[in-house]
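Read through the structure below, which is laid out as structure tokens, and then see the notes.
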Amino acid sequence: MVDKSEKFNWLVRVGYFSRAILYFVLGLIALTSSSKIAEGTNGIFRAIEEYPAGTVILWIMVIGLIAYALFRFCSLFFDIENNGSDAKGWGKRIGHAGSGIAHLALAYSAYKFAGSEGSGGGSGSGGAQEAASGVLSFDLGGFVLGALGIALFVAAVHQAKKGLTGSFMNRISAQAPDATRWLGGAGFLARAVVYLVIGWSLIQAGFMSGGADQIKTLGDAVASLAGEGFVFTLTAIGLMLFGLFSLILARYRIIPELDSSAGVPSYRA
């Protein structure tokens, strides 16, 4: 009989598998299909929908992305990654919560394509812009969006640091393939570039009166680099490598567990 910890373990691994599909397809269509990448996030899920068994893959991604988001929220509320409660630890935990929110939004986008709404049109950033408009309607809405942009700048620095130092390897089983280090390094550097683009769009919308239409989603951020030559190409390749890295994590990530008797996180490969 499978206990709750084992179910949690498998759900998180499905989450990493879903993330692998997302980033690999994002990088692939950036290199091969300018029309789809121009659609933003919708273009990613539209491409997946067109694959054999695409709808089944989308439903797996809905479940996996939600599971991954919950995993990140557990870091905020229960500190299952042992980041601590000092300023640095809370910074990481809040960052994980932000990741959780982002992946819930991606899960909703995948659901729209997997469910009855299917390949409903619209801009890939439409939902993000609508949400941003709602935030801007409040007195301090611009400050909130701008602050989120700054937070993404900080997150970009952390992503780049991970890529350069390889610090992410301490959460991965020693049985992982030898290529894991450089796949992850390239992938985190590519994500840092994307985070900078999204962060700048939030700063423009919040602090520079750029309006909600300035907001860029994951797909929009990559599409905006299309005229940047080798930066665009290297970022797209890096995102594909991050997808492969996430696939390795689906098997070899050390998933923390909660010890129900003590309430203390423990780890196993």
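Just so it is clear, none of the values below were taken in a lab; they were calculated from the coordinates. All of these numbers come straight from a predicted model, not from anything done at the bench. Cβ coordinates were reconstructed from backbone atoms using ideal geometry, including for glycine residues, and neighbour counts include every protein chain displayed.
Region 37-65 and region 158-186 have Cα centres separated by 27 Å. A straight chain from Ala226 to Arg171 at 0.36 nm per residue would run longer than the Cα-Cα distance by 16.4 nm. Summarising the label geometry, the points placed 7 Å from Cα in the beta-carbon direction at Ser33 and Ile150 lie 3.9 nm from one another. Residues whose amide H lies under 5 Å from that of Ile255, counting only those 5 or more places away or on a different chain, are Arg268; hydrogens are built 1.01 Å from N in the peptide plane. Across region 179-186, rounded Karplus estimates of 3J(HN,Hα) from the backbone phi angles (6.51 cos²θ - 1.76 cosθ + 1.60, θ = phi - 60°) give 6, 4, 4, 7, 4, x, x, 5 Hz, Gly and Pro being marked x. Annotation: lysines with alpha-carbon distance below 24 angstrom to Lys88 (same-chain offsets under eight excluded): Lys161, Lys162.
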